[in-house]
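Notes for the one structure printed next.
The values are calculated or read from the model by the stated rules, or taken from the named source; none is laboratory data. What you are looking at is a predicted structure, and each value in this text was computed from that prediction instead of being measured. Positions of Cβ are generated from backbone atoms using ideal geometry, with glycine treated the same way; all protein chains shown enter the neighbour counts.
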Amino acid sequence: MKRLFRLGLLVLVMSVLMIVPASAHGGREVGEYTIVFGWQVEPAYAGVFNGPEIFIEKGHGEEGHSEDGHGDENFLDGVEVNLTAEVTFGPETITVVLEPAWGEVGHYVADLVPTLPGDYVFRITGNIGDQAVDLTFDSADGEFSSVLPSADILFPIASSLESRIAALENRIAELEAALAALSE
């Protein structure tokens, strides 16, 4: 029963990841960098694999551009980036480490499954080279998605699946009892 539910949840997560592009992200200046923050998948849904992501851009929102205006895809070469995200929902807090996204300069992610709908607050701390970072992003401010109830996208309703599984389990038990009676 749990395996079927997990499989259904995995299919749902994969579907959402393929259909819903990242949409709303908020950005802030930190020294010579701009940090753009949001969920990896927006809108975010409760119970669906997601997590915070940041993009570090050089200059004033011009990703990877040098002062002369020419592209500089290696603007973080040799720059040590150590960032964590303190995630707060109501009275609860957890800290996750932002890791480099594979193959994308300046893109950092952490895995998280927001379990309840509502507003989440992220405090990003650490450093980019010698530049200290201490920024707070709050979904209530509208810079990125609040977490929505997953019932908005679930189909069929999980409770109907659970009742169908329970009915099948009862039928199996009846058949096993009938088989045992025939064996006597």
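If you go through segment 89-117 one residue at a time, how many are part of a loop (DSSP other than H, G, I, E, B) and in contact with a strand residue (DSSP E or B) (Cβ under 6 Å, 6 or more places away or on another chain)? Please lay out each step first, then the result.
Keep residues of segment 89-117 that are part of a loop (DSSP other than H, G, I, E, B), which gives 90-91, 101-106, 110-111, 113-117.
Subset that is in contact with a strand residue (DSSP E or B) (Cβ under 6 Å, 6 or more places away or on another chain): 101, 106, 110, 114, 117.
Qualifying residue count, segment 89-117: 5.
Is it true that some residue in segment 50-73 is part of a strand (DSSP E or B), of a type in the set (Asp, Glu), within 24 Å of LEU148 (Cβ to Cβ) and modelled with pLDDT of 95 or more? Steps first, answer last, please.
First, the residues of segment 50-73 that are part of a strand (DSSP E or B): 50, 52-58, 65, 71.
Still in the running and of a type in the set (Asp, Glu): 53, 57.
The next check asks that each one be within 24 Å of LEU148 (Cβ to Cβ); those that pass are 53.
Now narrow it down to the ones that are modelled with pLDDT of 95 or more: 53.
Yes, that holds for at least one residue.
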For LEU175, are the conditions met, namely being hydrophobic (A, V, I, L, M, F, W, C), in a helix (DSSP H, G or I) and either touching a residue at least 24 places away in the same chain (Cβ under 8 Å) or farther than 23 Å from PHE55 by Cβ (or both)?
yes
Quick one: in segment 118-141, which of the residues that are in contact (Cβ under 8 Å) with a residue 24 or more places away in the chain and part of a loop (DSSP other than H, G, I, E, B) is nearest to PRO52 (Cα to Cα)?
TYR120
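Output the residue which, of all residues in segment 129-161 that are among the hydroxyl-bearing types (Ser, Thr, Tyr) and surrounded by fewer than 16 Cβ atoms within 10 Å (Cβ to Cβ), is farthest from GLU80 (Cα to Cα).
First, the residues of segment 129-161 that are among the hydroxyl-bearing types (Ser, Thr, Tyr): 136, 139, 145-146, 150, 159-160.
Next, from what is left, pick out any that are surrounded by fewer than 16 Cβ atoms within 10 Å (Cβ to Cβ): 136, 159-160.
Values: THR136: 21, SER159: 48, SER160: 50 Å.
For segment 129-161, the residue satisfying everything is SER160.
Would you mention how many residues in segment 17-49 are modelled with pLDDT under 75 and outside any loop (DSSP other than H, G, I, E, B)?
Taking segment 17-49 and keeping what is modelled with pLDDT under 75, we get 17-26.
Subset that is outside any loop (DSSP other than H, G, I, E, B): 17-19, 26.
Of the residues in that region, 4 qualify.
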